[in-house]
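*Asks:* Sharing a structure below in structure tokens format, with a few things to ask.
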Amino acid sequence: MASGHTVLMRLVASAYSIAQKAGTIVRRVIAEGDLGIVEKTSPTDLQTKADRLAQMSICSSLARKFPKLTIIGEEDLPSEEVDQELIEDGQWEEILRKPCPSQYSTIKEEDLVVWVDPLDGTKEYTEGLLDNVTVLIGIAYEGKAIAGVINQPYYNYQAGPGAALGRTIWGVLGLGAFGFQLKEVPAGKHIITTTRSHSNKLVTDCVTAMNPDDVLRVGGAGNKIIQLIEGKASAYVFASPGCKKWDTCAPEVILHAVGGKLTDVHGNALQYDKEVKHMNSAGVLASLRNHDYYASRVPESVKNALVP
């Protein structure tokens, strides 16, 4: 064990390197040309070879270093021996140089729950909308999301040959969020980001009620939170039960670490303990600023339809 470093900071430093490895796997699968697509529950709920390999890499790498963790991944995969080339043993040293917030300094490994989405934005991945894709590793303690890592495998992919590809954003509550430049939508502008492929009447009614100046329909929960922290959108509205805990855990941390807020459509905090149901059945409402404004505009008909 690395002396002098808390369990949480060692876990975040490892998750950073593991997320980078997963991003490399995601890029490699496309480069090899066989996505290995299977439908899970519907034509918009897909799984690819990249989802499977990235999850095996993330979960196995974490479990080897932190055997007492509870790790919950999106993909339902059979137990099998994991190829050594999928294992990432490194850790991001820069994170270990940061101080652990005092409230988390005595956390034990067995007290932490890790929520993994190995490839958020799978449908967009299969359609070549690569900037929508993220790898998400969220860390929860006592039911609360406290640390997270988001890797964007294709960040900068349209910048042309020779441009550095990919980036990793990370954050810990009480410490901050790193790896990006925080920007905000101009004051008074209401730009809503919402689902691209899972819309329905509830979603549409809720978005309309926000009286938006513009609506951005994109894939991936991780991608939508990045839009909030980079000033492309002011609120993320998803009035539907399609989103899961592994979609929101890591992004919630990054948003909360810079003063934003993520709740369900009723304004309730999401819970991330290991016994909780995986579905965010009362939807997702997130914003960098003015959360009360957006929460106040959610129609009663939407609230009544989405029970926590």
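*Asks:* Quick one: Leu46 ticks every box in (1) open to solvent by less than 50 Å² (accessible area, probe 1.4 Å); (2) at pLDDT 95 or above; (3) outside any loop (DSSP other than H, G, I, E, B) bar one, so which box is it?
*Replies:* Just one mismatch for Leu46, condition (2).
*Asks:* Of the residues that make up region 182-197, is at least one at pLDDT 95 or above, among the charged types (D, E, K, R) and closer than 30 Å to Ala63 by Cβ?
*Replies:* No, because not a single residue in region 182-197 is at pLDDT 95 or above, among the charged types (D, E, K, R) and closer than 30 Å to Ala63 by Cβ.
*Asks:* Within region 225-243, count every residue that is open to solvent by 10 Å² or more (accessible area, probe 1.4 Å) and part of a helix (DSSP H, G or I).
*Replies:* 1
*Asks:* Could you list, ordered by first residue, the pairs with Cβ atoms under 7 Å in which the first is in region 19-34 and basic (Lys, Arg) and the second is assigned to a helix (DSSP H, G or I) and open to solvent by less than 70 Å² (accessible area, probe 1.4 Å), at least 6 apart or interchain?
*Replies:* Lys21/Ser57
*Asks:* What about Lys245, is it farther than 17 Å from Leu288 by Cβ and modelled with pLDDT of 95 or more?
*Replies:* The answer is yes for Lys245.
*Asks:* So which of Ala140, Ala163 is under 15 Å from Ala15 (Cβ atoms) and among the small types (Gly, Ala, Ser)? Show your work before the answer.
*Replies:* Values: Ala163 fails: under 15 Å from Ala15 (Cβ atoms).
Exactly one of Ala140, Ala163 is under 15 Å from Ala15 (Cβ atoms) and among the small types (Gly, Ala, Ser), namely Ala140.
*Asks:* While we're looking at this one, here's another question. From the list Asp34, Asp89, which one is in a loop (DSSP other than H, G, I, E, B), under 27 Å from Tyr125 (Cα atoms), over 21 Å from the mean Cα position of the chain (by Cα) and at pLDDT 95 or above? Full working, then the answer.
*Replies:* On the way: Asp34 fails: at pLDDT 95 or above.
Every option except Asp89 fails the conditions.
*Asks:* In region 29-43, what count of residues is obtained for those that are surrounded by 13 or more Cβ atoms within 10 Å (Cβ to Cβ) and on the phi > 0 side of the Ramachandran plot?
*Replies:* Step one: list which residues in region 29-43 are surrounded by 13 or more Cβ atoms within 10 Å (Cβ to Cβ), which gives 29-30, 35-37, 40.
With the extra rule that they be on the phi > 0 side of the Ramachandran plot, the set shrinks to 36.
Within region 29-43, residues that are surrounded by 13 or more Cβ atoms within 10 Å (Cβ to Cβ) and on the phi > 0 side of the Ramachandran plot number 1.
*Asks:* Taking into account only those residues within region 266-306 that are out of contact with any His (no Cβ under 8 Å at 6 or more places or on another chain) and within 13 Å of Gly242 (Cα to Cα), which is surrounded by the fewest Cβ atoms within 10 Å (Cβ to Cβ)?
*Replies:* Lys277
*Asks:* Applying the selection to region 114-129, what residues are out of contact with any Ser or Thr (no Cβ under 9 Å at 6 or more places or on another chain) and in contact (Cβ under 8 Å) with a residue 40 or more places away in the chain?
*Replies:* Val116, Leu129
*Asks:* I'm trying to understand the selection: among the residues of region 37-62, which are over 17 Å from the mean Cα position of the chain (by Cα) and of a type in the set (Val, Ile, Thr)?
*Replies:* Ile37, Val38, Thr41, Thr44, Thr48
*Asks:* Only one residue in Ala250, Ala286, Ala295 is closer than 17 Å to Ile192 by Cα, part of a helix (DSSP H, G or I) and of a type in the set (A, V, I, L, M, F, W, C), so which one is that?
*Replies:* Going through Ala250, Ala286, Ala295 in turn, the sole match is Ala295.
*Asks:* Right, next: Taking the condition surrounded by 15 or more Cβ atoms within 10 Å (Cβ to Cβ), modelled with pLDDT of 95 or more and among the basic types (Lys, Arg), does Arg97 pass?
*Replies:* Against the criterion (surrounded by 15 or more Cβ atoms within 10 Å (Cβ to Cβ), modelled with pLDDT of 95 or more and among the basic types (Lys, Arg)), Arg97 does not qualify.
The values are calculated or read from the model by the stated rules, or taken from the named source; none is laboratory data. Worth saying up front: this structure is predicted, and the values here are computed from it rather than measured. FYI the Cβ positions are ideal-geometry reconstructions off the backbone, even for glycines, and counts take in every protein chain you see. We work out accessible area using only protein heavy atoms, side chains counted, and drop any ligands, DNA or RNA first. Shrake-Rupley method; radii C 1.70, N 1.55, O 1.52, S 1.80 Å.
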